[in-house]
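Colleague: Shown below is the structure under consideration.
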Amino acid sequence: MTRRWLVAQDKVLIAGGGIGGLATALALAQKNVPSLVLEKAARLGEIGAGIQLGPNAFHCFDRLGVGKTAREMAVYIDQLRLMDSMADGEICHIDLGETFRQRYGNPYAVVHRGDLHGVLLKACEAHPLVELRVHSEVTGYDQDESGVTAKLGNGEPVKGAALIGADGLWSNVRRQVVGDGKPRVSGHTTYRSVIPTDVMPEDLRWNAATLWAGPKCHIVHYPLSDWKVFNLVVTYHNDAPEPVAGKPVPVEEVHRGFTHVCERAQTIIRHGRHWHMWVLCDREPVDHWIDGRVALLGDAAHPMLQYMAQGACMAMEDAVCLADSLAKTDTLEAGLRTYRDRRVLRTARVQLMSRAMGDHVYHPAGPHAALRNAMMGAKSQADWYAALDWLYGGNGLD
Ligand SMILES: Cc1cc2nc3c(=O)[nH]c(=O)nc-3n(C[C@H](O)[C@H](O)[C@H](O)COP(=O)(O)OP(=O)(O)OC[C@H]3O[C@@H](n4cnc5c(N)ncnc54)[C@H](O)[C@@H]3O)c2cc1C
């Protein structure tokens, strides 16, 4: 690759060692570009249990060189199933079997976040071009023609050729690049738990990512970790005013948002243990991701609600596209601009559709819900696949 912008021992600095940051380090390493990951936490890891991965994530795993290990950790589900939590009946489903896999060249799967992060971390640790540092919060940056200096919380300056802000929803790098204030609080509160499989009601042990949609609330469950547990994520729209992340809460608080749904859906919640809550946030799409030698990536660039199950998938696509764009251009600035141009519309589409899914699929009531059921229930498998081609057929490079 042409790397006239990378001189001497310079590295690309990456703020944040989450899924996006580690994927970026690996993607750059695949193009022979060295990087230094600066993570603010005391250790590299992930909180929360499950995560869904569309075929587009598997396209990325292959480009990151971890396709085999990533495939080994996944549970391959048969369906995406939408249930009406008031009527206790299926509205529709999408088959994820052979026809789906053939069409997209890869499967749909669910994995434990820790396992996914672990696969990326192990590959980073094993790669001579990736360096990882913890206890290293990036608070801001300076730059000139020779490079960029990341400022750490302890006052230490760290010099590199470029800085990638993969520092998540509350990104310090974004504050300097975009300066658009705090994220938008959605008012939706999510509670996460896991249930041992033998405790999950037997008639609901489906090999599916199941969504029970209801007025101002929904429940998602799927099997995880080789079917040892079911991942449970339940959400209700309670106009929560302040962002919260990972606070432990009693089951009574969780149950409060679901007293109006059918008995079967309520039973699932009662089986949950050790609930933790998050108040969900996102942002309006912006295209100002670049400031000279600095670029945003993943949630720092395009934070979204989880209703398309695509935030981590988009972060990995960003990583692959960033490395590809830098490899194809002569100057760093041109490479970063190319990356931004290739990613902005696709990620904006997922951001906005995630919000719309919350309003029109996950949480409607009355005639709005009846319209959802009529429209979604009328779709054939061919209709679903045609509607999803733009998302699952892509790998972030198109
Ligand atoms: C309930 C829920 C369910 C979800 N389900 C799915 C799903 O099924 N599929 C999917 O694809 N996505 C899903 N997502 C979205 C996904 O979790 C995120 O989009 C993804 O984790 C973003 O990765 P990231 O690396 O950009 O940011 P993060 O995961 O937020 O990582 C940022 C990292 O940077 C570190 N950091 C923060 N600030 C600094 C700093 N200033 N300096 C240095 N380090 C810093 C943090 O400690 C962290 O390690 C879900 C999200 C939620 C909330």
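Colleague: Just the residues that are surrounded by fewer than 16 Cβ atoms within 10 Å (Cβ to Cβ) and among the acidic types (Asp, Glu), please, taken from region 160-213.
Modeller: Those that are surrounded by fewer than 16 Cβ atoms within 10 Å (Cβ to Cβ) and among the acidic types (Asp, Glu): Asp180, Asp198, Glu202, Asp203.
Colleague: Under 7 Å between Cβ atoms, at least 6 apart or on separate chains: pull out the pairs that start in region 334-347 with a residue that is in contact (Cβ under 8 Å) with a residue 40 or more places away in the chain and within 13 Å of Val320 (Cα to Cα) and end on any residue that is buried (at least 21 other Cβ atoms within 10 Å of the Cβ) and of a type in the set (Phe, Trp, Tyr).
Modeller: Once the first residue is in contact (Cβ under 8 Å) with a residue 40 or more places away in the chain and within 13 Å of Val320 (Cα to Cα) and sits in region 334-347, its partners that are buried (at least 21 other Cβ atoms within 10 Å of the Cβ) and of a type in the set (Phe, Trp, Tyr) give Arg340/Trp289.
Colleague: Taking region 347-398 only, how many residues are of a type in the set (Lys, Arg) and under 25 Å from the mean Cα position of the chain (by Cα)?
Modeller: 2
Colleague: Counting only residues that are of a type in the set (A, V, I, L, M) and closer than 15 Å to Leu116 by Cβ, which one in region 66-99 is surrounded by the fewest Cβ atoms within 10 Å (Cβ to Cβ)?
Modeller: The extreme case among them is Met73.
Colleague: Out of region 294-329, which residues are among the charged types (D, E, K, R), surrounded by 24 or more Cβ atoms within 10 Å (Cβ to Cβ) and more than 9 Å from the ligand (Cβ to nearest atom)?
Modeller: If the condition is that a residue be among the charged types (D, E, K, R), surrounded by 24 or more Cβ atoms within 10 Å (Cβ to Cβ) and more than 9 Å from the ligand (Cβ to nearest atom), then Glu317 is the only one that fits.
Colleague: What's the number of the only condition in (1) surrounded by fewer than 24 Cβ atoms within 10 Å (Cβ to Cβ); (2) farther than 30 Å from Asp84 by Cα; (3) basic (Lys, Arg) that Arg283 fails to meet?
Modeller: (2)
Colleague: If you don't mind, another one. Do you know which residues across region 50-65 are surrounded by fewer than 20 Cβ atoms within 10 Å (Cβ to Cβ) and either within 16 Å of the ligand (Cβ to nearest atom) or not acidic (Asp, Glu) (or both)?
Modeller: Across region 50-65, the qualifying residue is only Gly65.
Colleague: Does region 153-190 hold any residues that are part of a helix (DSSP H, G or I) and free of Cβ contacts under 8 Å to residues at least 40 places away in the same chain, and which are they?
Modeller: Arg175
Colleague: Does Val220 satisfy the criteria of being at pLDDT below 95, out of contact with any Gly (no Cβ under 8 Å at 6 or more places or on another chain), surrounded by fewer than 24 Cβ atoms within 10 Å (Cβ to Cβ) and among the hydrophobic types (A, V, I, L, M, F, W, C)?
Modeller: It is false that Val220 is at pLDDT below 95, out of contact with any Gly (no Cβ under 8 Å at 6 or more places or on another chain), surrounded by fewer than 24 Cβ atoms within 10 Å (Cβ to Cβ) and among the hydrophobic types (A, V, I, L, M, F, W, C).
Colleague: Further question: Would you check if Leu345 is over 29 Å from Thr149 (Cβ atoms) and more than 15 Å from the ligand (Cβ to nearest atom)?
Modeller: Taking the combined requirement at face value, the residue satisfies it.
Colleague: Any idea which of His260, His288 is over 18 Å from Tyr191 (Cβ atoms) and either outside any helix (DSSP H, G or I) or touching a Leu at 6+ places or on another chain (Cβ under 9 Å) (or both)?
Modeller: His288
Colleague: Select from region 33-46 the residues that are within 9 Å of the ligand (Cβ to nearest atom) and assigned to a loop (DSSP other than H, G, I, E, B) and write down the one among them that is nearest to Arg113 (Cα to Cα).
Modeller: Checked region 33-46; the qualifying residue nearest to Arg113 (Cα to Cα) is Glu46.
The values are calculated or read from the model by the stated rules, or taken from the named source; none is laboratory data. Since the structure is predicted, the reported quantities are computational estimates derived from the model, not experimental observations. All Cβ positions, even for glycine, are placed from backbone atoms using ideal geometry, and neighbour counts span all protein chains on display.
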